[in-house]
Each structure stands twice: as C-alpha cells, then as structure tokens.
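Engineer: Got a structure for you, written out below as structure tokens; questions coming shortly.
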Amino acid sequence: MPRVFLSFRKADSRWMRNRVYQALTDRFGASEVFKSGGSIPAGADFAEVLRRQAAECELMLVLIGPAWLDARGDDGMRLIDRAHDWVRVEIATALNAGNRVVPVLLGDATMLPEASALPYEIADLARLQFLRVPETHLADELDRLCAAMAALLPDIGHGSVSPTAAAAPVAEPTVTMTARVSGGGSAYQAARDQTIRLT
C-alpha cells in the first residue's frame, strides 16, 4: 500500500506535477507514491481505489498550482464546487480519516486558498502549513521537498527491518595458526589474534 498520495488537478501545472512525482519516486520508490492513472490497475474500480487510498495513506500531498482553485467546467462552475469533484473528494476523505495533509504550492506566486474560497468539508486545508516548490532552482527545491517528506515519514523507502537484520555483525577474534611439518617449513598460516603452534 503506497504511503504517500498525490492529489492534483489534471489541468493545473502538469509539467511541475510530473517533476514532483519523478523526484519522489526516484528518492523513495514508485511503490511508496500513489498517483491516479499511473497507480490504478487496468479494470479496477477507479472510484473505489481512489477513496480507499485517500483514506489509508499516511501522507497526502495536495499539489496546488495557479489554476487549481479556479478551474471551471463547460458550464462555468468551479470544479472544486462540484460535490463529485475528485480533488475535493480525495482531500475530504483524507481529512476525515485523520491523515496528515500537506498543501504543496507549485510555482513562485501560487497562494494557499483561503478557507472562505473552499467548500466547507475541505476548508481546513487553508489552515495547514504548506510547502512550496518554486520554479527557480527547481532541482534544489525538489530535494528540499523530499527531505521534508523523509522527516515526516522517517522510514519511507526503507521497508521494515527486523532487529536481528539491523544489528551489526559481531566481529570474530583474529587468531594466527601455524602448523609445522617435520623437517621445518610452515605448511599453513591464517591471520588471527593468538598463535597456536603445532610442531
């Protein structure tokens, strides 16, 4: 089960979104990051998988670019105002489950939406501390994002390690053994910390 859920709006900051996803999977592995479309198997119930992953993730990153809040449908209605908008559903599901949700602002000028601009069930998003990924020095900023994730989920990408596997191997003492054959000459010698002489 991926521990990190990427929530995003398809029409918003696609190239930066893809760079964020690539950086996270390069650092932590694709199995740790859920991204709709790429992480849902063919033939699976899209809605059921999305809801389950949003409810069970440990960390949801909500990628917010300049078009995230005001994206509209053909009828002129903001997508975020639709009850079935998947971005809205994902965030509400994670918040209701008590999961950690972190807004990630894409670009230098993107602002965190105010609570009054959001549907009531996700209005708490406006109160959450955000991270920013500016376009300037993007590689360095992506490294900072990965470091922030590693701080929130210290063992991400490492898997579970058993206590015995984690313990360092015990070094064996070194003994020097020398065997002598009748008539002189060393027949065998191996490095260890004591010497046993066989004559």
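The values are calculated or read from the model by the stated rules, or taken from the named source; none is laboratory data. Worth saying up front: this structure is predicted, and the values here are computed from it rather than measured. All Cβ positions, glycine included, derive from the backbone under ideal geometry; neighbour counts span all protein chains shown. In case anyone asks, the SASA skips ligands and DNA or RNA and just uses the protein heavy atoms, side chains included. Shrake-Rupley method; radii C 1.70, N 1.55, O 1.52, S 1.80 Å.
Engineer: Of the numbered conditions (1) out of contact with any Lys or Arg (no Cβ under 8 Å at 6 or more places or on another chain); (2) modelled with pLDDT of 95 or more, Ile122 fails exactly one; give the number of that condition.
Structural biologist: Unmet for Ile122, out of (1) out of contact with any Lys or Arg (no Cβ under 8 Å at 6 or more places or on another chain); (2) modelled with pLDDT of 95 or more: (1).
Engineer: Somewhere in segment 41-54, is a residue touching a Ser or Thr at 6+ places or on another chain (Cβ under 7 Å) and either of a type in the set (D, E, K, R) or assigned to a strand (DSSP E or B) (or both)?
Structural biologist: Looking for residues that are touching a Ser or Thr at 6+ places or on another chain (Cβ under 7 Å) and either of a type in the set (D, E, K, R) or assigned to a strand (DSSP E or B) (or both), one finds at least one in segment 41-54, hence yes.
Engineer: Quick one: how many residues across segment 62-77 are outside any loop (DSSP other than H, G, I, E, B) and open to solvent by 40 Å² or more (accessible area, probe 1.4 Å)?
Structural biologist: Residues of segment 62-77 outside any loop (DSSP other than H, G, I, E, B): 62-64, 72.
Keeping just the survivors that are open to solvent by 40 Å² or more (accessible area, probe 1.4 Å) gives 72.
Going through segment 62-77 one residue at a time, the tally reaches 1.
Engineer: Would you check which residues across segment 23-60 are among the hydroxyl-bearing types (Ser, Thr, Tyr) and open to solvent by less than 60 Å² (accessible area, probe 1.4 Å) and list them? Give the derivation first.
Structural biologist: In the first step, residues of segment 23-60 are kept if they are among the hydroxyl-bearing types (Ser, Thr, Tyr); the result is 25, 31, 36, 39.
Passing the criteria: Thr25, Ser36, Ser39.
Engineer: Follow-up. If I ask for residues that are part of a loop (DSSP other than H, G, I, E, B) and among the aromatic types (Phe, Trp, Tyr), which ones from segment 78-104 would you list?
Structural biologist: Let us first name the residues in segment 78-104 that are part of a loop (DSSP other than H, G, I, E, B), namely 82-85, 97-99.
Within segment 78-104, none qualify.
Engineer: Can you find, within segment 109-119, the residue that is modelled with the lowest pLDDT among those that are among the aliphatic types (A, V, I, L, M) and part of a loop (DSSP other than H, G, I, E, B)? I'd like the intermediate steps shown before the answer.
Structural biologist: At the first step, the residues of segment 109-119 found to be among the aliphatic types (A, V, I, L, M) are 109, 111-112, 115, 117-118.
Filter again for part of a loop (DSSP other than H, G, I, E, B), leaving 109, 111-112, 118.
On the way: Ala109: 91, Met111: 96, Leu112: 97, Leu118: 98.
So, considering only residues that are among the aliphatic types (A, V, I, L, M) and part of a loop (DSSP other than H, G, I, E, B), the one modelled with the lowest pLDDT is Ala109.
Engineer: Return the total of residues in segment 112-147 being free of Cβ contacts under 8 Å to residues at least 24 places away in the same chain, open to solvent by 40 Å² or more (accessible area, probe 1.4 Å) and under 15 Å from Ile80 (Cβ atoms).
Structural biologist: Qualifying residue count, segment 112-147: 4.
Engineer: Has segment 98-108 got any residue that is open to solvent by 40 Å² or more (accessible area, probe 1.4 Å), at pLDDT 95 or above and within 29 Å of Ser31 (Cβ to Cβ)? Lay out the reasoning, then the answer.
Structural biologist: Residues of segment 98-108 open to solvent by 40 Å² or more (accessible area, probe 1.4 Å): 98, 100, 108.
From the residues that got through so far, the ones that are at pLDDT 95 or above too are 98, 100.
Next, from what is left, pick out any that are within 29 Å of Ser31 (Cβ to Cβ): 98, 100.
Yes, segment 98-108 contains at least one residue that is open to solvent by 40 Å² or more (accessible area, probe 1.4 Å), at pLDDT 95 or above and within 29 Å of Ser31 (Cβ to Cβ).
Engineer: Still on this structure, please answer the following. Applying the selection to segment 142-173, what residues are charged (D, E, K, R), under 21 Å from Ala30 (Cα atoms) and modelled with pLDDT under 95?
Structural biologist: Taking segment 142-173 as the starting set, the residues that turn out to be charged (D, E, K, R) are 143-144, 155, 172.
Then keep just the ones that are under 21 Å from Ala30 (Cα atoms); that gives 143-144, 155.
Hit for segment 142-173 is Asp155, nothing else.
Engineer: Taking the stated definitions as given, is Ala83 over 22 Å from Arg3 (Cβ atoms), over 22 Å from the mean Cα position of the chain (by Cα) and open to solvent by 30 Å² or more (accessible area, probe 1.4 Å)? Talk me through it step by step, then tell me what you get.
Structural biologist: Working: over 22 Å from Arg3 (Cβ atoms): yes; over 22 Å from the mean Cα position of the chain (by Cα): yes; open to solvent by 30 Å² or more (accessible area, probe 1.4 Å): yes.
Considered against the rule, which asks whether it is over 22 Å from Arg3 (Cβ atoms), over 22 Å from the mean Cα position of the chain (by Cα) and open to solvent by 30 Å² or more (accessible area, probe 1.4 Å), Ala83 comes out as yes.
Engineer: Might you check whether a residue that is touching a Pro at 6+ places or on another chain (Cβ under 6 Å), β-branched (Val, Ile, Thr) and modelled with pLDDT of 95 or more occurs anywhere in segment 32-53?
Structural biologist: Yes.
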